[in-house]
Amino acid sequence: MIRLEEVVCRLGGRYLFGPISLDLPPHLILIGPNGAGKSTLAKMLCGLLPYEGRIAYGDQNLSALSLRERAEAFAYVPPKLEQFDDHLRVREFVLLGAFAQADRWRGFDATETAHADEVMRQSQIAHLADRPLGTLSSGEAQLVMTAQAMMQRSRMLVFDEPTAHLDPLHARQFVHRFASLKAAHHTLLITHDLQLARALGDPVAFLGDGVLHYFEAPERLFTPQMLERLYGVRFELTPLHVSIRYD
Amino acid sequence: MTKWLVVLTLLVLLLAPFVGGMPLGIEALLEPTSLEGRIFWELRLPRVMLGFFGGVILALGGLIFQTIFRNALMTPYTLGVSGAATLGCALSIALGVSGVLMGFTSAAFSVLLLLLLSTKLRSAEALLLLGIALSLFYGAALMLFYHFADALQVYSLLRYTMGSLSADASGGLWLIGACAAATLLIAYAWRHRLALLSLGAQSAALRGLHVKRTETALLLLVSFGVAALISIAGPIGFVGLVAPHLVRLLYRRSVAHLIVPTALVGGLFLVAADTLARVLSGSSGEVSVGIITALVGTPFFIFLVMRRA
């Protein structure tokens with residue numbers, strides 16, 4: 001259980017959002033306009049950014065967790081793969097996800113390597129194992145980053161705009177993978193794609209103007225009136241002429 | 001490929017002591033008390049080993065700097081750390097204190113300054129420019145030192161700043177050997193940390209790595225090795241740039257796989273350059289090895305910049 005208690009975020013002295021109080025459900029979708037602080041909130045949870053207030057992780061204070069404990073609690077999947085080493089192979093990249101569990105000096109043992117192969121097989125990327133990261137397409141990179149997050153064995157997977165760079169086929173592939181991951185992990189998914197948010201059917205939180213609006217029943221959010229109130233633009237809920245079927 | 005590199009290294013280490021202004025025969029190896037034997041065992045072999053260990057330190061220093069700062073042009077030399085160590089060592093000559101201590105203090109100060117400023121800078125290019133500015137600053141401070149030194153001091157400092165392995169290496173060989181071994185062992189043991197750092201500080205922290213602690217430890221380790229080498233041989237540039245990139249071009253693997261080959265190529269490069277310096281010796285003495293590495297390294301540097309562009 002993750003509980004935000006009067007959490008306020010200021011970056012470089014600039015107020016961004018808060019105070020926010022919320023008991024996070026096991027699966028949550030976070031939406032909101034650009035610059036509202038969605039990714040910042042996710043990075044705060046993962047321990048990358050400071051905050052005011054308190055975030056409880058079970059019966060512990062999140063700020064009291066060590067870096068390794070945080071890595072075991074949260075795995076963050078960024079919108080895009082940022083690699084500085086073009087020659088790093090997919091297998092090595094996936095394996096690095098298990099760094100928090102690896103021996104400090106000896107590194108990864110045979111069990112971890114076998115586990116990485118198993119995760120790649122489950123993620124249907126076994127054929128990419130020896131490919132350098134620099135040669136992957138956006139869709140392949142998304143699958144590889146998700147596999148690395150699985151390797152981290154974290155309780156919660158945080159996806160930051162996972163379908164932003166994907167074509168419809170890969171977006172659908174991601175949604176299927178996401179659905180299977182929900183059985184074993186808690187999830188937080190950040191997206192601008194309202195169609196995706198609606199299709200997933202999980203509780204939704206809207207972050208905008210520093211305030212978090214929580215919708216345990218997502219159908220309360222997906223009305224033209226509510227969306228217009230939150231985003232400040234007019235909406236029309238009609239079936240699109242062309243829309244992705246995620247089923 | 002690494003096996004062949006090991007064979008080549010052993011071959012070069014074995015043959016290099018025979019080559020120089022005075023070529024030596026096989027009898028030098030077998031008769032240690034003869035003049036040729038003494039040259040082989042007491043001068044050439046320690047010098048070749050100093051060159052090899054020095055090359056290991058400089059090459060791994062380059063690889064570690066490039067990984068931490070995630071830029072192909074970062075080395076202790078281009079970021080001004082070598083310049084700081086040179087200034088410290090030059091000051092130690094005037095003050096009569098330990099060159100290693102002064103060199104390391106200056107290099108460590110420069111590294112910590114870079115680490116502090118790197119968190120404020122938005123790009124690696126800005127950090128590189130900062131390193132160049134620091135190098136110029138340390139160079140100017142050294143010039144000021146020349147200005148107040150007497151003619152003899154200026155001459156010896158000038159020779160020193162050209163970088164040479166011709167100094168009596170016997171005293172410092174163990175120190176440089178220990179630094180090279182420590183740098184290689186720690187870099188290899190921490191190869192997965194280096195691979196994580198190559199993904200970016202944020203990505204590494206998310207996987208549970210203490211980024212600042214790891215970076216600081218590695219940079220100080222490199223700084224100590226570089227400062228120790230500079231206190232004995234003066235500044236030798238471009239090894240940290242040439243060796244890691246040559247290995248990257250040959251191996252096309254991640255940093256975790258490049259540590260041992262980079263150490264070997266760095267060692268080989270400096271031994272080969274120093275052997276050439278010995279062969280090119282003339283009436284005005286030996287050509288400094290720093291001149292050879294710069295003559296080879298500068299075109300390579302231009303090639304790298306053009307390739308990136």
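The values are calculated or read from the model by the stated rules, or taken from the named source; none is laboratory data. None of these values were measured; they are calculated from a predicted model. Ideal geometry is used to build each Cβ from the backbone, glycine not excepted, and the neighbour counts take in all protein chains shown.
Couple of notes before you dig in:
- Scanning region A:44-87 for residues that are among the charged types (D, E, K, R) and either within 14 Å of chain B (Cβ to nearest Cβ) or not in a loop (DSSP other than H, G, I, E, B) (or both) gives A:Glu52, A:Arg54, A:Arg68, A:Glu69, A:Arg70, A:Glu72, A:Lys80, A:Glu82, A:Asp85, A:Asp86.
- Complete set of residues in region B:233-250 that are part of a helix (DSSP H, G or I), touching a residue at least 12 places away in the same chain (Cβ under 8 Å) and either surrounded by fewer than 24 Cβ atoms within 10 Å (Cβ to Cβ) or aromatic (Phe, Trp, Tyr) (or both): B:His245, B:Leu246, B:Leu250
Here is a yes/no grid of residues against (1) more than 14 Å from chain A (Cβ to nearest Cβ); (2) part of a loop (DSSP other than H, G, I, E, B); (3) at pLDDT below 85:
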residue	(1), (2), (3)
B:Leu113	yes, no, no
B:Leu129	yes, no, no
B:Ser164	yes, yes, yes
B:Cys179	yes, no, no
B:Thr183	yes, no, no
B:Tyr188	no, no, no
B:Leu220	yes, no, no
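- Pairs where the first residue, in region B:194-214, is closer than 16 Å to B:Leu63 by Cβ and the second is among the small types (Gly, Ala, Ser), C-beta under 6 Å, 6+ apart: B:Ala195/B:Ser254; B:Ala195/B:Ala256; B:Leu196/B:Ala204; B:Leu197/B:Ala204
- Of all residues in region B:190-208 being more than 7 Å from chain A (Cβ to nearest Cβ) and hydrophobic (A, V, I, L, M, F, W, C), the one that is surrounded by the fewest Cβ atoms within 10 Å (Cβ to Cβ): B:Ala201
- Pick from region B:27-56, criterion touching a helix residue (DSSP H, G or I) at 6+ places or on another chain (Cβ under 8 Å) and of a type in the set (Val, Ile, Thr), ranking: farthest from B:Asp274 (Cα to Cα): B:Ile39
- For region B:54-70, the criterion of being under 19 Å from B:Pro261 (Cβ atoms), touching a His at 6+ places or on another chain (Cβ under 9 Å), within 14 Å of another protein chain (Cβ to nearest Cβ) and surrounded by fewer than 24 Cβ atoms within 10 Å (Cβ to Cβ) is satisfied by no residue at all.
- Search result, residues across region A:114-149 that are assigned to a helix (DSSP H, G or I), of a type outside the set (Gly, Ala, Ser), surrounded by fewer than 18 Cβ atoms within 10 Å (Cβ to Cβ) and within 12 Å of another protein chain (Cβ to nearest Cβ): A:Thr135
- Selected residue (only one of A:Val204, A:Val233, A:Val211 is among the aliphatic types (A, V, I, L, M) and under 19 Å from the mean Cα position of the chain (by Cα)): A:Val204
- So A:Met44, is it surrounded by 15 or more Cβ atoms within 10 Å (Cβ to Cβ) and in contact with a strand residue (DSSP E or B) (Cβ under 7 Å, 6 or more places away or on another chain): yes
- Members of region B:222-259 found to be under 26 Å from B:Ile291 (Cα atoms) and within 9 Å of another protein chain (Cβ to nearest Cβ), listed by number: B:Arg248
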